Amino acid sequence: MDRPMNADTDSQNVGSRFLSPAGQVLQRLPAFAQDPAALAPLYRAMVLTRAFDTRAMALQRTGKLGTFASSLGQEAIGVGVASAMLFNDVLLPYYRDHGAQLLRGVTMVEILLYWGGDERGNDFSAARRDFPLCVPIASQVCHALGVAYAMKLRRERRVAVCLLGDGATSKGDFYESMNMAGAWRVPLLLLINNNQWAISAPRSAQSAARTLAQKALAAGFEGIQVDGNDVIAVRAAVQNALDTLRGGGGPALIEAMTYRLGDHTTADDATRYRAAEEVSRQWQFEPIARLRNYLVNTGAWGKERDEHLQRECAEQIDRAVDAYLATPPPAPAAMFDHLYAALPAALAPQRDSALRFASPEDKRDG
Amino acid sequence: MAELNLVEAVNAALAYELAHDACVVLLGEDIGVNGGVFRATLGLQARFGAERVLDTPLAETAIAGAAIGMAAEGLKPVAEIQFTGFIYPALDQIVNHASRLRHRTRGRLTCPMVLRSPYGAGIHAPEHHSESPEALFAHVPGLRMVIPSSPSRAYGLLLAAIRDPDPVIFFEPTRLYRLFRQEVDDNGAALPLDACFVVREGGDMTFVSWGAMLRETLDAADILAGEGVTADVIDVATLKPLDMATILESVAKTGRCVIVHEAARSGGFGAEIAAGLVEHGLSSLLAPVQRVTGYDVVVPLARLEYQYLPSVERILAAARAALEFK
Ligand SMILES: Cc1ncc(C[n+]2csc(CCOP(=O)(O)OP(=O)(O)O)c2C)c(N)n1
Ligand SMILES: [Mg+2]
């Protein structure tokens with residue numbers, strides 16, 4: 001078997017795109033993007049996502065956070081998606097979606113708590129209907145189907161938005177749910193983050209399908225590709241899809257073409273399975289520089305504002321990290337107290353035992 | 001002889017069998033170029049080729065199901081499920097097909113496959129990466145459920161599992177993958193399946209455990225030995241089919257038994273062993289059988305992980321309760 005290679009995310013087929021990698025306008029911009037100044041919040045959200053990612057990686061490296069999955073290079077997806085959603089829609093994210101989660105109102109402290117091994121991080125103070133991020137690949141697609149059905153049954157104008165990776169499209173959960181979503185015509189958007197890799201499996205080895213978007217055709221609805229490194233393209237496609245869904249025409253699928261510039265997670269070493277040249281070549285297409293180039297060209301953005309934004313993000317992250325690090329571990333009783341609506345009597349002796357044997361310090365910690 | 005850790009011993013066993021049996025193929029996610037996320041298959045694709053060491057797309061149902069087809073057709077597939085948390089999509093294939101293909105066809109088609117998977121808590125892994133679902137598989141007629149507790153055990157048991165004519169679920173304790181090294185003779189010698197191993201002998205009580213929890217169990221036995229109490233320590237190794245005879249023989253001698261496992265308590269495999277003791281060894285029991293287990297809770301994320309895992313203190317408390325019972 002040949003060692004498969006990945007195409008550039010810049011090769012012809014990246015789907016719809018408004019900005020070139022250098023930030024040139026390629027076609028008439030959608031209404032929300034007409035005023036460059038109105039794009040500043042999207043730019044800010046992407047910069048914040050990357051700064052948060054960088055800090056989370058540093059925390060992991062110094063033993064202050066568990067395994068972490070960076071979204072480096074894929075910031076336009078989370079920001080493009082979440083910025084087009086309404087507050088009472090439901091997001092069903094996977095582990096690479098803190099960019100979207102931040103815009104949905106999930107706090108940095110919550111995200112850090114979760115990745116630091118504390119379930120309280122999933123008890124979102126805002127975004128109360130959003131699902132916690134999903135680790136078992138593609139299983140969230142089934143939940144999204146059910147969420148969307150509930151919305152349809154109640155004749156609401158809400159939508160469910162489910163994020164998944166390119167690898168996830170190989171699983172039965174994805175095919176089964178997509179098929180049922182088509183049959184039921186539910187207000188569900190499936191958004192594939194095609195970052196070209198599923199740990200060490202390149203897109204070309206994942207499926208012989210020419211595109212992942214075309215998988216929707218077999219389920220009876222349309223799938224489109226967009227340039228996932230162009231936040232304007234992602235947001236426009238999502239907004240368009242959500243408008244259709246709210247009008248009763250669902251489901252929809254968008255394959256956002258991007259590239260995983262970092263390791264799979266902090267537990268991974270991508271140099272084992274992909275060439276450094278592939279990664280460095282992909283840096284020229286990344287989403288943040290692209291939008292910045294455009295904003296700078298239009299005069300809506302400049303060096304000073306950028307420095308100010310970086311400082312502002314760093315301060316916001318500093319405060320979150322301080323609060324995270326100052327959070328004491330959950331009480332051992334928490335293992336029991338959220339398992340059922342009320343603790344069954346049969347479990348009380350075990351809970352007592354857990355409290356009796358609770359060790360204040362984690363003695364076996366390395 | 002080489003000093004190997006557990007993950008290297010797994011690698012050595014796979015390499016030995018790939019080299020000596022052309023029917024053996026490996027399949028799984030990230031096992032080829034990447035060598036597996038724990039490096040259990042490191043270098044094997046380079047050495048034996050991509051046709052025998054297959055990187056699959058992300059699809060556990062198909063991995064397990066394809067292994068069944070390969071096995072029926074005369075190959076000896078060793079499939080890897082990246083973590084036991086992701087084994088559930090494969091359950092349909094394992095329970096409805098792998099375990100009963102021989103039976104359904106009266107031996108015309110068989111299923112000599114191995115499903116390897118890292119399991120267990122204690123490495124501060126993300127959500128769904130720390131469970132111990134061995135009892136689920138031990139419940140299924142027609143399967144073997146095997147768990148090694150050391151590098152040499154991993155080597156010999158994995159070879160036996162691959163050579164076995166029936167399906168074997170083989171769980172590898174992630175906590176032990178790199179914890180310690182041991183002399184392992186890479187001579188292709190398999191250990192017996194369907195047998196418990198007595199890893200230490202004593203007269204006052206019996207400890208029964210498997211996998212990573214054998215470490216804490218041995219630590220507790222050491223502390224008791226310092227107090228003049230000696231214990232048999234039994235490594236179950238093959239949970240299904242269970243070698244109850246070895247356990248009964250020990251308890252006939254000691255009269256007191258503590259079972260230790262990290263899986264949740266209710267329906268855990270310790271209950272099966274305790275029932276066996278009551279059914280066949282009641283007259284030799286001098287004290288109620290004690291179980292030290294994970295609680296009946298979702299395995300917590302990292303910050304409470306070690307509040308969940310049975311500790312030496314909990315094992316000692318159970319041992320003392322058994323010893324003091326009159
Ligand atoms: C069902 C299941 N199988 C295996 C894994 C282990 N695993 C975690 S991430 C991953 C690759 C996922 O790739 P993709 O869907 O492309 O998402 P990406 O990580 O690239 O964003 C694998 C195999 C898992 N989490 N769930
Ligand atoms: Mg991917």
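Could you say whether any residue in region A:286-305 is among the β-branched types (V, I, T) and in contact with a Pro (Cβ under 8 Å, 6 or more places away or on another chain)? Yes: one or more hits.
Determine whether A:G99 is in a loop (DSSP other than H, G, I, E, B) and either out of contact with any helix residue (DSSP H, G or I) (no Cβ under 8 Å at 6 or more places or on another chain) or in contact (Cβ under 8 Å) with a residue 24 or more places away in the chain (or both). No: the conditions fail for A:G99.
Yes or no: B:D194 acidic (D, E) and over 28 Å from B:V95 (Cβ atoms)? Steps first, please.
On the way: acidic (D, E): yes; over 28 Å from B:V95 (Cβ atoms): no.
Spelling it out, it is not the case that B:D194 is acidic (D, E) and over 28 Å from B:V95 (Cβ atoms).
Residues A:I224, A:I254, A:I192: which one is under 30 Å from A:E278 (Cα atoms), assigned to a strand (DSSP E or B) and more than 16 Å from ligand 1 (Cβ to nearest atom)? I'd like the intermediate steps shown before the answer.
On the way: A:I254 fails: more than 16 Å from ligand 1 (Cβ to nearest atom); A:I192 fails: more than 16 Å from ligand 1 (Cβ to nearest atom).
After applying the criteria, what remains is A:I224.
Checking the stated criteria, B:L159 turns out to be assigned by TED's automatic domain parsing to the domain that holds B:V95, surrounded by fewer than 24 Cβ atoms within 10 Å (Cβ to Cβ), over 13 Å from the mean Cα position of the chain (by Cα) and in a helix (DSSP H, G or I).
Filter region B:27-51 down to the residues that are closer than 28 Å to A:Y175 by Cα and either without any contact (Cβ under 8 Å) to a residue 24 or more places away in the chain or surrounded by fewer than 19 Cβ atoms within 10 Å (Cβ to Cβ) (or both) and list them by number. If the condition is that a residue be closer than 28 Å to A:Y175 by Cα and either without any contact (Cβ under 8 Å) to a residue 24 or more places away in the chain or surrounded by fewer than 19 Cβ atoms within 10 Å (Cβ to Cβ) (or both), then B:G32, B:V33, B:N34, B:A50, B:E51 are the ones that fit. If only residues of region A:153-170 that are over 18 Å from the mean Cα position of the chain (by Cα) and in contact (Cβ under 8 Å) with a residue 40 or more places away in the chain are counted, the one that is nearest to ligand 2 (Cβ to nearest atom) is A:R158.
Could you say which residue among B:E134, B:E73 is acidic (D, E), more than 14 Å from chain A (Cβ to nearest Cβ) and under 12 Å from the mean Cα position of the chain (by Cα)? Lay out the reasoning, then the answer.
Working: B:E73 fails: under 12 Å from the mean Cα position of the chain (by Cα).
It is B:E134.
None of A:R246, A:R154, A:R158, A:R185 is on the phi > 0 side of the Ramachandran plot, more than 14 Å from chain B (Cβ to nearest Cβ) and away from ligand 1 (no atom under 16 Å from the Cβ) except A:R185. Candidates B:E279, B:E313: the one that is surrounded by fewer than 20 Cβ atoms within 10 Å (Cβ to Cβ), more than 9 Å from chain A (Cβ to nearest Cβ), modelled with pLDDT of 95 or more and over 19 Å from A:D118 (Cα atoms) is B:E279.
Specify which of the listed residues (A:G78, A:G66, A:G73) is within 16 Å of ligand 1 (Cβ to nearest atom), at pLDDT 95 or above, in contact with a Phe, Trp or Tyr (Cβ under 6 Å, 6 or more places away or on another chain) and more than 25 Å from B:F83 (Cβ to Cβ).
Working: A:G78 fails: in contact with a Phe, Trp or Tyr (Cβ under 6 Å, 6 or more places away or on another chain); A:G66 fails: more than 25 Å from B:F83 (Cβ to Cβ).
Criteria check complete, one pass: A:G73.
Of the numbered criteria (1) surrounded by 23 or more Cβ atoms within 10 Å (Cβ to Cβ); (2) within 14 Å of chain B (Cβ to nearest Cβ); (3) acidic (D, E), the one A:E255 fails is (2).
When A:L145 is tested against the conditions (1) surrounded by 24 or more Cβ atoms within 10 Å (Cβ to Cβ); (2) not in a helix (DSSP H, G or I), the lone failure is (2). Does region A:160-169 contain at least one residue that is more than 15 Å from A:L253 (Cβ to Cβ) and either buried (at least 21 other Cβ atoms within 10 Å of the Cβ) or basic (K, R) (or both)? Yes, region A:160-169 has at least one match. Would you confirm, using the coordinates I've provided, whether A:W115 is under 23 Å from A:Y259 (Cβ atoms), more than 16 Å from ligand 2 (Cβ to nearest atom) and either surrounded by fewer than 18 Cβ atoms within 10 Å (Cβ to Cβ) or of a type outside the set (G, A, S) (or both)? When the stated conditions are applied, A:W115 passes them. Among residues that are assigned by TED's automatic domain parsing to the domain that holds A:R158, more than 14 Å from ligand 1 (Cβ to nearest atom) and at pLDDT 95 or above, A:I199 is not included.
Taking the conditions (1) surrounded by 14 or more Cβ atoms within 10 Å (Cβ to Cβ); (2) within 29 Å of A:I199 (Cβ to Cβ) in turn, A:A276 satisfies each one other than (1).
Within region B:1-26, which residues are outside any loop (DSSP other than H, G, I, E, B), of a type in the set (A, V, I, L, M) and over 18 Å from B:R163 (Cβ atoms)?
If the condition is that a residue be outside any loop (DSSP other than H, G, I, E, B), of a type in the set (A, V, I, L, M) and over 18 Å from B:R163 (Cβ atoms), then B:A2, B:L4, B:L6, B:V7 are the ones that fit.
Whenever a residue of region A:1-28 is within 14 Å of another protein chain (Cβ to nearest Cβ), its partners that are modelled with pLDDT of 55 or more, lying with C-beta atoms within less than 6 angstrom and at least six residues away or across chains, give the pairs A:M1/B:A50; A:P4/A:P202; A:P4/A:S204; A:P4/A:A205; A:N6/A:Q196; A:N6/A:P202; A:N6/A:R203.
Would you please name the residue that is farthest from the other protein chains (Cβ to nearest Cβ), looking only at residues in region A:206-238 that are more than 19 Å from A:A181 (Cα to Cα) and surrounded by fewer than 23 Cβ atoms within 10 Å (Cβ to Cβ)? Looking at the filtered set, the residue picked out is A:A236.
Scanning region A:30-84 for residues that are within 18 Å of A:A241 (Cβ to Cβ) and part of a loop (DSSP other than H, G, I, E, B) yields a single hit, A:P30.
The values are calculated or read from the model by the stated rules, or taken from the named source; none is laboratory data. Owing to the predicted nature of the structure, the values given are computational and were not obtained by experimental measurement. Glycine gets a Cβ as well: all are built from the backbone with ideal geometry, and neighbour counts include every protein chain shown.
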